[in-house]
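The structure appears right after this line, and notes come after that.
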Amino acid sequence: MKTHYFFIFLITTLVTFGQTTLSSGDLIVTSLIADGNDRFEFIPLVDLSAGTVIYFTETGWNAATSSWRSDDLTEGVVQYTAPTAITRGTVISIEEDANTNGQINLPTDGSVSISNYGGSFSLSGAGDQIIAFQGTPPADWDGSGTNPFPAPNFIFAITSHSSAWHDATSTNSTAIPTGLTNGSTAVAAGSGTGSGDEYDNIYFDAVTNPLAGKTKAEILALVGNVANWKGDNGVPLAWKISSFTLSSDQFYKPEFSVFPNPVENGVINIQSRIVGLKTINVFDVNARAVLSTQLGSDVLDVSFMDRGFYFLNIEINGASTTKKIMIK
């Protein structure tokens, strides 16, 4: 079995200086190549400040327990740290050295590193997953405990194990991570719906479905559609994507506005330039569902919720985001 590395922010902890806090769908993972030297690519759909940290893991998520498989990250965590300001649409590759067994290429700019939160990076040809997230491990983490990220802020996920999501009962399977949405921020691209109906390699077909000039919402709709992915049991030739420019419309019109935050009167306003019914899911810091509803207006009543921090996930017509909110 093979592994990577990954990162999350605890909602109760402020991010470090320079860090860009990402929401679901703020980056996409566009490939999982397990044959030959292991490789995958990801693309931020928002600008990243220098020093922004993102983690990637192949440890699966167990929906039944709202936790990682076996409550740990023993399959490994790859850490990416933006070495400079990164422009949205920049394609970033992480891969093993073709001439060494299991050794990740470490760029001289220090952007890719091997964390001590799990094992080695090694993708499985029997099906696997890549889950991107942010978070803050315990301050006293020494590399010997379990589950350094108990409340992950999930950003994007793909699996080659099946075309459906299955609880992480093995190193090859995963449920859809909390706060992500199948078809926009999560893609199951196996060869069939059964557990183990896998492809060795999966990748988004950017030749047929070019991403240049698209808005973030349009990109998520394309990449989230499993029909736009290809699976292969031999090393594919055309899995790489070139960096691109997003539509300028994305630069000036934010998709979601959530206010006030902190919430003091029991009401949250949710506004968007995207027209449609809002699907709302709220989770507490332990990833437990608190609220699930559909909203036809801009006003969400949270007066029944206890004081504290929560994750608010919003989806409208394939575009989604997760916001950190505080109820006072």
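Okay, residues lined up against (1) outside any loop (DSSP other than H, G, I, E, B); (2) farther than 27 Å from PHE311 by Cβ; (3) at pLDDT 95 or above:
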residue	(1), (2), (3)
HIS161	no, no, yes
ILE176	no, no, yes
SER184	no, no, no
GLY190	no, yes, yes
THR193	no, yes, yes
TYR199	no, yes, yes
ILE202	yes, yes, yes
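Per this entry, ILE270 is not counted among residues that are at pLDDT below 90 and not assigned by TED's automatic domain parsing to the domain that holds ILE155. Where strands (runs of 3 or more DSSP E) fall entirely within segment 275-328, those with at least 2 residues that are of a type in the set (Gly, Ala, Ser) and either outside the structural domain of PHE156 (by TED's automatic domain parsing) or loosely packed, with under 11 Cβ neighbours inside 10 Å (or both) are at 289-295, 319-327.
Could you tell me whether segment 248-255 includes any residue that is without any contact (Cβ under 8 Å) to a residue 24 or more places away in the chain and not in a loop (DSSP other than H, G, I, E, B)?
Yes; the residues of segment 248-255 include at least one that is without any contact (Cβ under 8 Å) to a residue 24 or more places away in the chain and not in a loop (DSSP other than H, G, I, E, B).
The residue pairs whose first member lies in segment 104-133 and is more than 30 Å from GLY194 (Cβ to Cβ) and in the same structural domain as ILE94 (by TED's automatic domain parsing), whose second member is surrounded by fewer than 22 Cβ atoms within 10 Å (Cβ to Cβ) and small (Gly, Ala, Ser), and whose beta carbons are closer than 8 Å, counting only pairs six or more residues apart or on different chains, are LEU106/SER113; ILE114/SER120; ASN116/GLY143; TYR117/GLY143.
Out of the residues in segment 261-274 that are part of a loop (DSSP other than H, G, I, E, B) and out of contact with any helix residue (DSSP H, G or I) (no Cβ under 7 Å at 6 or more places or on another chain), state the one that is farthest from PHE154 (Cα to Cα). Restricting to residues being part of a loop (DSSP other than H, G, I, E, B) and out of contact with any helix residue (DSSP H, G or I) (no Cβ under 7 Å at 6 or more places or on another chain), the top hit is ASN265.
Confirm whether THR245 is within 18 Å of LEU27 (Cα to Cα), surrounded by 19 or more Cβ atoms within 10 Å (Cβ to Cβ) and either β-branched (Val, Ile, Thr) or not assigned by TED's automatic domain parsing to the domain that holds LEU27 (or both). Before the answer, list the steps.
Details: within 18 Å of LEU27 (Cα to Cα): yes; surrounded by 19 or more Cβ atoms within 10 Å (Cβ to Cβ): no; either β-branched (Val, Ile, Thr) or not assigned by TED's automatic domain parsing to the domain that holds LEU27 (or both): yes.
When the stated conditions are applied, THR245 does not pass them.
Might you let me know whether segment 43-61 holds any residue that is hydroxyl-bearing (Ser, Thr, Tyr), without any contact (Cβ under 8 Å) to a residue 40 or more places away in the chain and in the same structural domain as SER170 (by TED's automatic domain parsing)? Reasoning before the result, please.
Of the residues in segment 43-61, the ones hydroxyl-bearing (Ser, Thr, Tyr) are 49, 52, 55, 57, 59.
Narrowing further to those that are without any contact (Cβ under 8 Å) to a residue 40 or more places away in the chain: 49, 52.
From the residues that got through so far, the ones that are in the same structural domain as SER170 (by TED's automatic domain parsing) too are 49, 52.
Yes; the residues of segment 43-61 include at least one that is hydroxyl-bearing (Ser, Thr, Tyr), without any contact (Cβ under 8 Å) to a residue 40 or more places away in the chain and in the same structural domain as SER170 (by TED's automatic domain parsing).
Checked against the criterion of being more than 30 Å from MET326 (Cβ to Cβ), aliphatic (A, V, I, L, M), surrounded by 14 or more Cβ atoms within 10 Å (Cβ to Cβ) and under 20 Å from the mean Cα position of the chain (by Cα), the candidates VAL235, VAL223 yield just one match: VAL223. Would you say VAL15 is surrounded by fewer than 22 Cβ atoms within 10 Å (Cβ to Cβ), among the β-branched types (Val, Ile, Thr) and either farther than 17 Å from GLY179 by Cβ or at pLDDT 85 or above (or both)? In short, yes.
The values are calculated or read from the model by the stated rules, or taken from the named source; none is laboratory data. Remember, predicted model here, so these are calculated numbers, not experimental data. Cβ coordinates were reconstructed from backbone atoms using ideal geometry, including for glycine residues, and neighbour counts include every protein chain displayed.
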